[in-house]
1. Scan Ala803, Ala772 and give me the residue that is in contact (Cβ under 8 Å) with a residue 40 or more places away in the chain and either in a helix (DSSP H, G or I) or within 30 Å of Thr250 (Cα to Cα) (or both).
2. Could you check Ala569 against (1) touching a helix residue (DSSP H, G or I) at 6+ places or on another chain (Cβ under 7 Å); (2) modelled with pLDDT of 80 or more; (3) open to solvent by 20 Å² or more (accessible area, probe 1.4 Å); (4) in a helix (DSSP H, G or I) and say which number it fails?
3. Tell me yes or no: at least one residue of region 131-147 is part of a helix (DSSP H, G or I), within 38 Å of the chain's Cα centre (by Cα), more than 21 Å from Gly602 (Cα to Cα) and modelled with pLDDT of 90 or more.
4. Just for region 94-120: of the residues that are in contact with an Asp or Glu (Cβ under 9 Å, 6 or more places away or on another chain) and of a type in the set (Asp, Glu), which one is modelled with the highest pLDDT?
5. What are the residues in region 786-801 that are touching a helix residue (DSSP H, G or I) at 6+ places or on another chain (Cβ under 6 Å), farther than 30 Å from Thr356 by Cβ and open to solvent by 10 Å² or more (accessible area, probe 1.4 Å), if any?
6. Going through region 302-326 one residue at a time, which ones are over 16 Å from the mean Cα position of the chain (by Cα) and farther than 20 Å from Arg212 by Cα?
7. Under 8 Å by Cβ, and 6 or more places apart or on different chains, what pairs join a residue from region 186-213 that is closer than 19 Å to Tyr176 by Cα and open to solvent by 70 Å² or more (accessible area, probe 1.4 Å) with one that is part of a helix (DSSP H, G or I) and aliphatic (A, V, I, L, M)?
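The values are calculated or read from the model by the stated rules, or taken from the named source; none is laboratory data. Only a predicted model underlies this, so the values are computations on that prediction, with no experimental measurement involved. In this analysis, Cβ positions are derived from the backbone assuming ideal geometry, glycine residues included, and neighbour counts consider all displayed protein chains. These area figures cover heavy atoms from the full protein model, side chains too; ligands, DNA and RNA do not enter into them. Shrake-Rupley method; radii C 1.70, N 1.55, O 1.52, S 1.80 Å.
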Amino acid sequence: MTSRTVQAYDILVLHHPKSVLVVLLSILVFFGYHTKDFKLDASADSLLLEDDVDLKVFRKIHQRYPSSDLLVVTYTPDKDLFSDQALESLKRLREELKKVTSVDTVFTILDAPLFKNSDASFSEIINDLPSLEKPGIDRVKAKDELINSPIYRELIISVDGRTTALLLGLVENQQYNNLLRSRNELRAKQRNTGLSVKETQTLKRIGGEYDRAHEALNDQRHLDVARIRDIIKPYRQNAVLYLGGLPMITDDMITFVRNDLIVFGGGVLVFLIIVLTAIFRELRWIVLPLISCFYAGLIMVGVLGLIGWKVTVISSNFLALMLIITISMNIHLIVRYRQLNRDHPADDQLALVRTTTHKMVKPCLYTALTTIMGFSSLVVSDIKPVIDFGWMMSAGLAVTFVTSFLLFPTLLMVMGKTASRPTSDSERFLLPAYLARLTETQGNKILVLAVILTVVSVAGIAQLRVENSFINYFSEDTEIYQGLKLIDEKLGGTTPLEILINFGDDSDIFLTPEDLEGLTEAEKEMERKFAEQANAPEYWFTPDKIQSIKKVHDYLDGLPEIGKVLSLASAVRVVEDLAGEELDGMQLALLYTKTPPEVRKGLVDPYVSIDNNEARILARVLDSKPDLRRNELLETVRRDLVEKLGFEEKDVIVSGLLVLYNNMLQSLFTSQIKTVGVVMLGIAIMFLVLFRSITLSIIGILPNLLGAGVVLGVMGWVGIPMDMMTITIAAITIGIAVDNGIHYIYRFREEYALTNSYVETLHICHSNIGKAVFYTTMTIIFGFSILVFSNFIPTIYFGVLIASAMLIALLAALTVLPKLILLWKPFG
């Protein structure tokens, strides 16, 4: 800081503390008002890659094949599923669920058509479909037909016939769908070619309308899920029921995020009170940091509300992290102030506070910048929630730094000076002094151990993997996990995979104008009628197309990773089973014509787009298979569609949530490399600027790499997969842990100038800045440990692994770093 800046700070802040507090209070009131606009987001969009090409394809497909949101209620009665009692309970449950406002349709085994339970012809059956609840149905035959049905097996009934599913189609919100489509189209154009001024205004207006519609839809879905849970609760006396489906998962994840914010914030607050009491044992040193935490946290929540920045499951721990880092910075200020008060008891409060801020502003600024660098490196990731988390924490750390050097010193000025008390820190916390002696006497052995740990860690990092089941993101006692697990194991899998077959241009079957010139008028008329008939929907269904669909359907059905497969072939095979033969073109056309529209809507329209001359095969992947390799599966499917099944590469599209999820997983490696590379480059530049020494920069960085490296190595050796949370560990650990190195080196340089003895300076630094580093790091370690109370497994891993990395980094900062200083003697 320049002398003018220092003078301005002293005059404006330290000489007028009460005026500064009034201004800070006004700012708090302003941002506190906007905390009402603080929002949470757990939609699928919050877990997607930025600019994913496959996402654009996915959205186009679902515009052609629109479908409503679906909830699934699984029902496993204590008695036989086809007993009177079980079917009667199922019927009552269905009727109650139909009364829920947002439920449009409920489909169960009671509603499934039973073609083999009647001796009537297909044309008669199709107009009066027999079902399980109609009189005269043979339940043994019905059970056999449903269990072996190409359509309903593993869709609404398990292979063992014990579990069934109620499929709840929810009422579509057309306004929301239109706003979402318009917003996505404008965003795509903004990324590709840019928007005009008018289009930018339109995007802003539509964005606001979409946010309001999305919030209203979330509120309605929350009420729907709660109502459905109330309905199914009494039925659990005689059956096992689970609720599943994307709307329920989204609603529960929002609840998880909300709970995590409360638990993390409250848990960290309680923990910090305990830590501050244990360290300082004086009321003012407990109250002051807590006020700073409250102020910085509330300001940041208000900022997020003001700019409409939504918190996702990835960034749900931002408040806890802000509190931890704010406390850490305040502890450094407190330790320095107390030391000055003890060493210079005659100084007045203004002199003590001024010296504290002047001495600490530079190292605290650089530690804040390095931590910001750690978090801001996440923005080079390709994963949207990770990018948002990086920006969010970077902004939060800026708020923390400003709060620490405005609010903390002004409050200290207003509270006045107290008599210096002799501290017993050295007696209560012996680790820094012990590590100083260990470094002096066993420093070479410490360096050898660090090298061994590095080699082992590199070997472990080489074994890191990204395969991770979405089911495993949740605790086993949550309904999300239990429901998804049951659906995955009993009802045909969870993660959708879609294959689209394009049949090309059929125009070559018609005569060209040149061909028509040689025909008589009667022949020309016949050709025109043929062309009209050929373009009719019923004539689209040819045996060749059906065979192509069957070929892909059977291929997918034969893969061990695939559960339920549905396509047009499913319905065609039901009819062929009744007819006892494969259908020719005329029979297929007749079948399409005779099928009632409501049946066609469920069995044909989701799998065929006649206008686009394409067929769609839907499959579900068994996500909980321990040996599932998603990327290999998708590569195999894409290759086999061309090489084994004979399709042109341009005529088949592989899409679905499995593709989007796999793209996110595969991006984790590149995101990890990019974030670590950026944070290392940024921190190296800051060290060079701060210390103007390449040697000191290397000394400051190397020990802090050890913590991140060891934890990543342990993940590789133990088999903990990388996910959206754990890829942030290395960059965040380096960004936070390097603060210890900055404070230590900065203080070592000051003390060495007075002693001119490296060993003596080592012991002095461990007794003052070493204690501050110890306090702050232990605060961070225990603070991150609070995250184990999350319902989101990646958050638990994130908390435990970062706490472990910080512990290793602390030990390295108080052993490896000072030993490197003793070895290289960078101060002369």
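1. Details: Ala803 fails: in contact (Cβ under 8 Å) with a residue 40 or more places away in the chain.
The unique qualifying residue is Ala772.
2. Ala569 satisfies every listed condition except (3).
3. Quick first cut of region 131-147, residues part of a helix (DSSP H, G or I) only: 139-147.
Right, trim to within 38 Å of the chain's Cα centre (by Cα) and you get 146-147.
Restricting the remaining residues to those that are more than 21 Å from Gly602 (Cα to Cα) gives none.
No, there is no match, as no residue in region 131-147 is part of a helix (DSSP H, G or I), within 38 Å of the chain's Cα centre (by Cα), more than 21 Å from Gly602 (Cα to Cα) and modelled with pLDDT of 90 or more.
4. My answer is Asp104.
5. Selection gives Val788, Phe789, Asn791, Ile793, Ile796, Tyr797, Leu801.
6. Keep residues of region 302-326 that are over 16 Å from the mean Cα position of the chain (by Cα), which gives 302-308, 319-326.
Result: Leu319, Ala320, Leu321, Met322, Leu323, Ile324, Ile325, Thr326.
7. These pairs meet every condition: Arg187/Leu203.
Yes/no per residue for (1) touching a Cys at 6+ places or on another chain (Cβ under 8 Å); (2) β-branched (Val, Ile, Thr); (3) modelled with pLDDT of 85 or more:
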site	(1), (2), (3)
Pro234	no, no, yes
Met248	no, no, yes
Asp251	no, no, no
Thr255	no, yes, no
Val275	no, yes, no
